[in-house]
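These notes are about the structure you will find just below.
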Amino acid sequence: KLTWRFGVSCIEILKGVTEMNMNIIGRMLVVFLSLLSAGVSSSICPDSESENVLLFLDEFHLQNVTNISVHPGSPVLLSEFQDSSSFTGWGYPNVWKSGSTYYMMYQGWYETGGKTTKLGLVASSANAVNWKPYNVSGGGVLGIPNAVLDNGDMEFSVIYDDEEHTADPKQRLKMLLTNLSILVSEGDLQWGVMPDAKWTNKTIDPGMSLFRDPLNSSTIVVTSRPQALRSGGRHAGFHAANTWHGLGLLENSRILPLDDVFDVSRQIYGLPSFAYGEMVISFLWLLHDGESWGSGVVDSSLAWSYNSQNWSTFAYINQSIYKQEPYSRYMPGYDLPGHAYNHTYKHYSNCTDGALACQHECDLDARCASWVYVLPNMGRGEERCCVFEGIAEPVKRASCISGVKKVPKPLPRLPLLFSDETQVYPNTLIADSGRQDELMLIHASLSKGPHGLVNKSLSSLRTYGLRKDGFAFMTTTETSGELVTRALQWCTGTLTINTDCGLPGSQLVVEILSVKTGLPISGFDKSSAVPIRAQNSSNITAEWSSGKKIADLAGQNISIRVIITFGARLYSFRGNFKWL
């Protein structure tokens, strides 16, 4: 079956190679090399023990899925912090730890003398959740106690903690500014300029990000949203170099296939990215209907990369496991969140009459492209009809009935990370927070007005929690489903599974297959597997009643088969293994 899938893909590739399918070619080559190496027993394991992680985001590391669907994770709000001095809706918070204290540095738009300057503001926390302004010595810049930088017209959105890879402790932190310079700091809030260094050679908007390639830590990768590659709106771009000074010699290439999410009414606005195991996890900011300053709304979704060059998202994976909800003229239980240009408040005897009246109002208005009828007594304010110039991503909400005037052409649509009706810009990920509940922490800035509205009372900084490896999970579409991984070499140690078997009767069964024969290995077959029924656990060890342990297979080439029943959720595998 796997060979057949590869053959079909080759035929499709020969019909015409486009930018869109370059990522597909890379995936097929990985599968092909995996097939060639299936019978190879020579060790590819590293000398030292290192944990690898398989996130269940898509089919990249799977050779077979049956009755399986994928669903994005849901961050939960832990805290909200408001800095009274400045507008922080584009605060782009960055967090690092020095000693036992967490510091968050963020951008504030500060009004002084009739003009706006961009400040670097600081807050501190003992747990990276509950924040308060950090008063710096000397009284702060412009008399603001927690301001450490006055950047004028320059903006920043990334501070990278490079402690593991820099020999000079005074250059531990790197900040990228929109004037292309690189600021450095020891982590003590004192900043200087890296001599003769720029991080790109083209004009850049804020929205840049910085990380080291998880497959080659000597490679520094920048993602950003320059205007130069494409007229009419922002796009996704990246460039990479092996030295900080080398970055300044380069300009961006398009990130594919992700950049094709772009159209005039939906612009890629930022891609904060983080090395995660052997892959890259990114927050994808999308600006909807923002053709003029002061309009539109920014939503956030998830993207990822396996090579730090090509990024994907839920819209590009196999549609058999990720199904988009279709747009239609009438969508009960769905919201189209955005900035409405008009609200009509009127009470109707039933929700159907109200929704049809709202639809009719939109049909008669040449300006209207979509509408949302908000039901009364559902915790969403007064009963009303909201009309919009653009068409947002559908979001499930029982309090709404919505629709579009004309069903748009099919475009990739992305599930949102946050269900807020406000604009949330997630910018920092702390994967290992040391918390007892193992929550990962996401730090974001927020603006409650339309994009471009600078009002400090409508802005804040938020901390969200997300379960360990909880970016997405796979579950069943029927009573039972299964998946089989690509070939891998097991190195040592145990296989731990992140799962939630909270529904009645839900469980996982783990079987180990020989790559050479394709059959279950004796003692690791499904009849020997100890069913996993743990509720909401991130580190359940796979076990077999035969008494055999997966460590016994060290150096062997295997695949892992998981049988999922009754809606169990599978978030990740962790263990010491290498993909073939």
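The values are calculated or read from the model by the stated rules, or taken from the named source; none is laboratory data. Bear in mind that the values here come from a model prediction, so they are computed numbers and not experimental data. Cβ placement follows ideal geometry from the backbone for every residue including glycine, while neighbour counts extend to all protein chains displayed. For the accessible areas, the whole protein counts, side chains as well, though only heavy atoms, and no ligand, DNA or RNA atoms are used. Shrake-Rupley method; radii C 1.70, N 1.55, O 1.52, S 1.80 Å.
What order do you get for 216-225, 500-509, 60-69 when each peptide is scored by the mean count of other beta carbon atoms within 10 Å, highest first?
The packing order, highest mean first, is 216-225, 60-69, 500-509.
Output the peptides 79-88, 465-474 sorted from most to least packed, where packing is the average of other Cβ atoms within 10 Å over each peptide's residues.
Taking the mean over residues of other Cβ atoms within 10 Å, the ranking is 465-474, 79-88.
So what is the relative contact order for the chain, in percent, with contacts set as C-alpha pairs under 8 Å and at least six apart?
Contact order relative to length: 17 percent.
Give the separation of the Cα centroids, the range 437-495 to the range 333-359, in Å.
32 Å
First obtain the Kirkwood hydrodynamic radius of the chain from its Cα pairs, then insert it into the Stokes-Einstein equation at 25 °C and 0.890 mPa s, and state the resulting D in µm² per second as a whole number.
Translational D for this selection: 96 µm²/s.
Within straight cross-link reach of LYS170, meaning Cα distance under 14 Å, which aspartates and glutamates are found once same-chain residues fewer than 8 apart are removed?
ASP161, ASP162, GLU186, ASP188
Could you order the peptides 175-185, 245-255, 267-277, 377-387 from most to least packed, using the average number of other C-beta atoms within 10 Å per residue?
267-277, 175-185, 245-255, 377-387
Treat each spin label as a single point 7 Å out from the Cα along the C-beta direction, and report the THR116 to HIS343 distance in nm.
2.4 nm
Using a/c under 1.5 as the rounded threshold, could you call the range 334-399 rounded, prolate or oblate? The axes a ≥ b ≥ c are square roots of the C-alpha gyration tensor eigenvalues, and prolate needs a/b larger than b/c, oblate otherwise.
oblate
With N set to the residue count of the range 450-492, report its C-alpha Rg divided by 2.2 N^0.38 Å to two decimal places.
Here the answer is 2.30, to two decimals.
What is the spin-label model distance, in nm, from VAL530 to ALA167 if the labels are put 7 Å beyond Cα along the C-beta direction?
5.0 nm
Is the shape of the range 441-576 best called rounded, prolate or oblate, per the rule: a/c under 1.5 gives rounded, else a/b larger than b/c gives prolate, else oblate, with a ≥ b ≥ c the square roots of the Cα gyration tensor eigenvalues?
Because a/c hits 1.5 or more and a/b exceeds b/c, the range 441-576 counts as prolate.
Could you calculate the contour length gain from MET194 to THR494, that is, 0.36 nm times the residue separation minus the distance between their Cα atoms, to one decimal place in nm?
Length gained, MET194 through THR494: 103.6 nm.
Rounded, prolate or oblate: which fits the range 61-118, taking a ≥ b ≥ c as square roots of the Cα gyration tensor eigenvalues, rounded meaning a/c under 1.5, else prolate when a/b beats b/c?
Prolate, because a/c is 1.5 or more and a/b exceeds b/c.
Using the Cβ atoms and a cut-off under 11 Å, what net charge is assigned to the surroundings of GLY470, where Lys and Arg are +1 and Asp and Glu are -1?
Surrounding charge for GLY470 is 0.
Ignoring ligands, DNA and RNA, what percent of the accessible area of the chain is carbon or sulfur (1.4 Å)?
52 percent
About the Cα centre, and with charges only on the beta carbon of Lys, Arg (+1) and Asp, Glu (-1), how big is the dipole of the range 482-580? Nearest 20 debye, please.
180 debye
Which of the pairs LYS132/LYS448; LYS118/LYS456; LYS115/LYS448; LYS526/LYS578; LYS526/LYS549; LYS97/LYS174 have their Cα atoms more than 19 Å apart in this structure?
Those over the limit are LYS132/LYS448; LYS115/LYS448; LYS526/LYS578.
If you stretched the chain out fully between SER537 and THR352, how much longer would it get, using 0.36 nm times the residue separation minus the C-alpha to C-alpha distance?
That works out to 62.3 nm of additional length.
So between ASN377 and SER522, what do we pick up on full extension, going 0.36 nm a residue minus the alpha carbon distance?
Full extension from ASN377 to SER522 adds 46.2 nm.
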